[in-house]
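Everything below concerns the one structure shown next.
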Amino acid sequence: MQDKRVLLVIGGGIAAYKSCELIRLIRKAGGAVTCVLTEGGSQFVTPMTLAALSEEKVYTSLWDLKDEAEMGHIQLSREADLVVVCPATADLMAKMAAGIADDLATTLLLATDTQVLAVPAMNVRMWDHAATQRNVERLRDDGVIVMHPDSGAMACGEYGEGRLPEPDAVFLEIESLLSSPFLKIPGAEAALPLDGKHILVTAGPTQEPIDPVRYIANRSSGKQGYAIAGALARLGARVTLVSGPVSLEAPRGVDRVDIQTAREMETAVENALPADAAILVAAVADWRAEAAPRKIKKGASGTPELTLIENPDILAGLAKSDRRPDLLIGFAAETDKVVGHAKAKLDRKGCDWIVANDVSGDVMGGDDNAVHLVTADGVESWEQASKTDVARKLAQRIADQLGGS
Ligand code: CTP
């Protein structure tokens, strides 16, 4: 973020006030922000507020000839390392998708060759509307990164998807984009520590069918594994993410292989080899049932009994395989004696590191994690942090271990 420049386009929605906090977060992290305010945006925040927060001139009009002399709109759009549209209203996204350039903001967005991140905010029905969804799809096809809006209560009194994500989340996205090897941005093209490495990550739960409509599963959300896959990709690795059913989008630049059961995960892991490192974050179901071919009907023959069969241990199998990655990392989900169980797991599974987490609270599905890194050299307890930060730290450790920077 240090010395990076963000061009922030502020559209006309009530969420515009949150862009003020975003400016503060970027500035605090050492970045610079140039604001472009649409006419609609100026109904919600003033140029004065934005100028005070960014400590820079705020641009509002295409017809300000003095600005054209000072800094042409083309130059303004290309000087930035990243263009962020926040809030991106339905109207602004429609114009972007159609290539309309009828004010300063839309002209900049059409003229730029810099990566654009759009952060949508609108009423739930506007977000759900086929026209908006079509525009979002078109923008994504055109290479614009469109964040998914939050859901919850809205300023208009309705409830649903369409809320602007919190400034912290937008800031994290900006931060990770600015360090992404996949962006054509100045300064991000230097060699990365995991360039040329292939890393395998498993994430999410597995689902073990009982019959065509029922299954055994667990509470894993996949967030930690997805964050690790993304962090490794940002350090330059080619990442294969073998994922159980989750409601997350694959991080940019990551190859995702979708599976449902533990045995499918085992096959997908084998197919992804060879790999320089493997991090098995998935919460694999330890047991499966003998799945009935047809839906088990209630009352036909009393309460059905489930006979459970043990699933293959993918981590232990990989540790013994002759294609074992140089660095093999397991996760340990524990509810008690976290470090003790993790140490035992390190030996039992034959991996190099175990990342142990206490899942007795709301870790599964939550956004934070407190982990212990257990290796042959000892135990390191990391402070509680967001799953994104844990991922970043772990990815850096992996890069160090694999002989990167
Ligand atoms: N794991 C695996 N295959 C399984 C079960 C677990 O690859 N069938 C991996 C997980 O991805 C994780 C590690 O093994 O990296 C530990 O998983 P965990 O569920 O904590 O351990 P279990 O093997 O289930 O052991 P226990 O039941 O004793 O906790």
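Tell me the carbon and sulfur percent of the accessible area for the chain, rounded to whole percent, probe radius 1.4 Å. Heavy-atom surface of the chain belonging to carbon and sulfur, 1.4 Å probe: 49 percent. Among 101-107, 201-207, 273-279, sorting by the average number of other beta carbon atoms lying within 10 angstrom of each residue, highest first, gives 201-207, 273-279, 101-107. Note on the chain: the alpha carbon radius of gyration divided by the globular reference 2.2 N^0.38 Å gives 1.12.
If you restrict to DSSP beta bridges whose two residues both lie in the chain, what percentage is antiparallel, to the nearest 5? Here the share of antiparallel DSSP bridges comes out near 35 percent. Of the cross-linked pairs LYS18/LYS95; LYS95/LYS393; LYS349/LYS393; LYS197/LYS349, those separated by over 28 Å at the C-alpha level are LYS95/LYS393. Can you tally the net charge around GLU208? Count Lys and Arg as +1, Asp and Glu as -1, for every other residue whose Cβ sits under 14 Å from the Cβ of GLU208. Every neighbour counted, the sum reads -3.
Rolling a 1.4 Å probe over the protein heavy atoms leaves MET364 with an accessible area of roughly 70 Å². According to the Cα-based calculation, Rg over Rh for region 5-179 is 0.94, with Rh computed by the Kirkwood formula. Distant-in-sequence amide contacts of VAL242, defined by a placed amide H-H separation under 5 Å and a gap of 5 or more residues or a different chain, comprise VAL201, THR202, ALA203, VAL257.
Surface analysis of region 7-98 yields an accessible area of 43 Å² per residue, using protein heavy atoms and a 1.4 Å probe.
Taking every DSSP beta bridge that has both ends in region 198-404, the antiparallel portion is near 40%.
Rolling a 1.4 Å probe over the protein chains gives VAL284 an accessible area of about 40 Å². Ranking TRP382, LEU273, ASN369 by Cα position along the charge dipole of region 258-405, where only Lys, Arg, Asp and Glu carry charges on their C-beta atoms, puts LEU273 farthest toward the positive end. Is any residue of region 203-242 close enough, with backbone N under 16 Å, to a label point placed 7 angstrom from the Cα of LYS297 along the Cα-Cβ axis, and if so, which? The answer is 212-213. Which angle between 0 and 90 degrees, to the nearest 10, do you get for helix 338-349 versus the longest principal axis of the chain when only C-alpha atoms count? Once rounded, the angle reads 70 degrees.
Once all protein chains are placed together, TRP127 keeps about 10 Å² accessible to a 1.4 angstrom probe.
The long axis of helix 262-272 is offset from the longest Cα principal axis of the chain by roughly 70 degrees.
What is the list of residues in region 307-347 whose amide nitrogen lies under 16 Å from a point 7 angstrom out from the Cα of SER381, following Cα to Cβ? The answer is 334-343, whose backbone nitrogens lie closer than 16 Å to the label point. Using only side-chain charges placed at the Cβ, +1 for Lys and Arg and -1 for Asp and Glu, the dipole size of the chain relative to its Cα centre rounds to 800 debye. In the chain, the longest principal axis of the Cα atoms and the axis of helix 130-141 are about 80 degrees apart. Extending 7 Å from Cα along the Cβ direction at SER151 and again at GLN133 yields two label points whose distance is 1.3 nm. State which stretch of the chain is the longest one without any exposed GluC sites (Glu not before Pro), exposure meaning a DSSP loop state and at most 16 other Cβ atoms within 10 Å. The reported range is 80-157. Computing Rg and the Kirkwood Rh from the Cα coordinates of region 1-63 gives a ratio, Rg/Rh, of 0.95. Helical runs (DSSP H, four residues minimum) scored at -39500 (n - 2.57) apiece and divided by the length of the chain put the mean residue ellipticity at 222 nm at -10000 deg cm²/dmol.
The values are calculated or read from the model by the stated rules, or taken from the named source; none is laboratory data. As the structure is a prediction and not an experimental result, all values here were calculated from the model. Here Cβ is always computed from backbone atoms with ideal geometry, including for glycine, and neighbour counts include all displayed protein chains. Side chains included, ligands, DNA and RNA excluded: accessible areas come from the protein's heavy atoms. Shrake-Rupley method; radii C 1.70, N 1.55, O 1.52, S 1.80 Å.
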